[in-house]
Amino acid sequence: MIVIAHLSDIHIGATPQSAGRADAVMRYLDAMPGDVDAVLVTGDIADHGLAEEYETAAKLLTSRHPVLVGPGNHDVRAEFRRVLLGEEAADGPVNQVLRTPGAVFAMCDSSIPGQDPGDLDDETLTWLEGVLDGTDLPVFVAFHHPPVPLHSAPLDAMRLRRAERLEALLAGRTGVPAILVGHAHMAAATTFAGRPLLVGGGVVSTLKLPWEGGESFADSVDYELPPVIAFHVLDDAGRMTTHYRVVP
């Protein structure tokens, strides 16, 4: 059985409460009596892409569990690499892989520098193809931008572009149990490329849907609702189950 803790959109620096909310989530995970195979953080780590925001995030995202952190549209690749990953600053896609005894986690960079929508460019898709071809273990594919509409006009206007390219890459493959994304600031589950598409809830805030009053972006964002963690479980029969947990 593989257990994944999935969180997204911590946006350090967005509000005075952002660091405290992220800290509460990580303390919850570290206080659990059991282990998870991976903690995946699917983007928007910093709100302004500043070094000091990443320095705060680096401290908060330290855990006894393996952690894999990817960039979102609010992140700046060079500072993300330099501060969070300890690598030389560079502007190319930040693609990373975490290999565990039972599964592989491919964190793709779907950000487009300076833009809110997302895209998986040629370099990233080639890299992902290599990860998929290089293992017989299940591979969970993660990135920031949802590749399908989630029925929120402000969000859907900045989802993943050219999603059909990823769909073609995944076609016919049986070793990808699910795709994990963020960006939405709301927990959701749907399908893409014939498999589960699981959306992590927001940590810094929650995005309200139209029938909740979220018609425009300004009236969609709720900073009072608690942070959400998703626990995704792949059982021995190959079935995916997701549990959502709010963190006070």
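Bear in mind these aren't lab numbers, they're just calculated from the coordinates by the rules spelled out. Please read all numbers here as calculations on a predicted model, not as lab measurements. A quick note on method: Cβ atoms are made from the backbone with ideal geometry, for glycine too, and the neighbour counts reach across all protein chains shown.
Worth a mention:
- Rounded FRET efficiency, nearest 0.05, which uses the C-beta distance separating residue 115 from residue 245 and R0 of 30 Å: 0.40
- Charge dipole of the stretch 59-102 (Cα centre as origin; +1 on each Lys and Arg Cβ, -1 on each Asp and Glu Cβ, all else neutral): 240 debye, rounded to the nearest 20.
- GNM top mover of 71, 117, 146 - the chain, alpha-carbon springs below 10 Å: 117
- Averaging over all projection directions, the Cα-based convex hull of the chain occupies 12.4 nm² in the image plane.
- For the stretch 8-22, backbone phi angles converted through the Karplus equation (6.51, -1.76, 1.60; θ = phi - 60°) give residue-by-residue couplings of 7, 6, 7, 6, 4, x, 6, 9, x, 8, 4, 5, x, 5, 5 Hz, Gly and Pro being listed as x.
- Inter-centroid distance (Cα atoms) of the stretch 1-56 relative to the stretch 119-145, Å: 23
- With each label modelled as a point 7 angstrom along the Cα→C-beta vector, the residue 15-residue 162 pair spans 3.5 nm.
- Among 100, 174, 15, the largest mean-square fluctuation in a Gaussian network model of the chain, built with springs joining Cα atoms closer than 10 Å, belongs to 174.
- Note on the stretch 228-244 and the stretch 153-174: Cα centroid distance 22 Å, given to the nearest whole angstrom.
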